[in-house]
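Read-outs throughout are calculated quantities, based only on the coordinates presented, and are distinct from any laboratory measurement. The structure displayed is predicted, hence computed values, not measured ones. Don't worry about glycine lacking a Cβ; one is built from the backbone with ideal geometry, like all the others, and counts go over all protein chains shown.
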Amino acid sequence: MRILAENADDALLAHLAAEHAALVDRVEQLMHSSVIGTMYNTLINISYRQIMNHLRLLRLNRKLSRQIILRALREHGQIIEACQRRDAEAALQAHLQAAVQRNIGFL
């Protein structure tokens with residue numbers, strides 16, 4: 001990594017940062033849309049999209065730190081692992097509580 005940090009030009013580093021951010025966004029969208037999609041409920045789907053639009057507006061005023069993003073991705077990984085065990089309730093509740101706190105600025 002030191003070689004990359006010392007030798008890469010600004011354009012390459014900016015490209016890596018942008019690709020990383022896009023990947024994180026795609027993973028988050030896939031996770032959430034998968035959960036909503038498996039409910040097969042149009043009302044929930046519409047409500048989810050409206051909530052996500054509001055959250056995007058809230059997030060415009062806040063810079064998401066690397067630490068916050070990593071925490072959310074870890075939580076998603078825990079949910080996926082719990083789903084594979086067919087026991088996702090505790091992981092989901094922990095994620096929902098942390099997400100609410102993150103989005104109102106407590107974490």
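Could you please tell me which pairs satisfy a Cβ distance under 7 Å, a separation of 6+ or placement on different chains, a first residue in region 1-26 that is within 26 Å of ARG56 (Cβ to Cβ), and a second residue that is part of a helix (DSSP H, G or I)? Note: pairs meeting the criteria are VAL24/ILE69; VAL24/LEU73. MET39 meets all of the listed conditions (1) assigned to a helix (DSSP H, G or I); (2) aliphatic (A, V, I, L, M); (3) out of contact with any helix residue (DSSP H, G or I) (no Cβ under 6 Å at 6 or more places or on another chain) but one, namely (1). Does region 45-68 contain at least one residue that is of a type outside the set (Gly, Ala, Ser), more than 17 Å from the chain's Cα centre (by Cα) and part of a helix (DSSP H, G or I)? Among the residues of region 45-68, at least one is of a type outside the set (Gly, Ala, Ser), more than 17 Å from the chain's Cα centre (by Cα) and part of a helix (DSSP H, G or I), which makes the answer yes.
When the residues of region 11-29 are filtered to those that are within 16 Å of the chain's Cα centre (by Cα) and surrounded by 12 or more Cβ atoms within 10 Å (Cβ to Cβ), the one that is nearest to ILE69 (Cα to Cα) is VAL24.
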